[in-house]
Amino acid sequence: MPVPAVPPRHVRRRFVRAMRFAAAASIVLAALAVLLVARGESALPISRLIAAALGIGLAVLVGTALMLIFPGTRGGPDADRGAAPSESDEQ
């Protein structure tokens, strides 16, 4: 069974640094979400506030992790097709 390749150290450092930033952003966004949810209604169960905080925070973290793990190409999906479309493509 082949052993998976370990990414270089600088790639891991960049990933960890981006995830730390995403964690800080998710905490700020979760706090903002809790404030907005709590502002709308006076008698609010604590479970709704916890659900809002966890939902927003985890969504930001999962989205960031997926964007870092599966990066897109910088040129786009049609970058290898050529610069100018031919006359047959325009019809």
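What follows draws every value from the coordinates through simple rules; no lab data is involved. Note that the coordinates shown come from a computational prediction; the quantities given were computed from them, not determined experimentally. Note: ideal-geometry Cβ built from the backbone for every residue, glycine included; neighbour counts use all protein chains shown.
Summary table below
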| quantity | calculated |
| --- | --- |
| Estimated distance in nm for a label pair at VAL37 and ALA18, the labels positioned 7 Å out from Cα along Cα-to-Cβ | 2.8 |
| Modelled FRET efficiency - R0 22 Å, VAL62 with ARG9, Cβ distances, 0.05 increments | 0.35 |
| Nitroxide proxy distance, nm - points 7 Å out along Cα→Cβ at LEU29 and LEU44 | 1.8 |
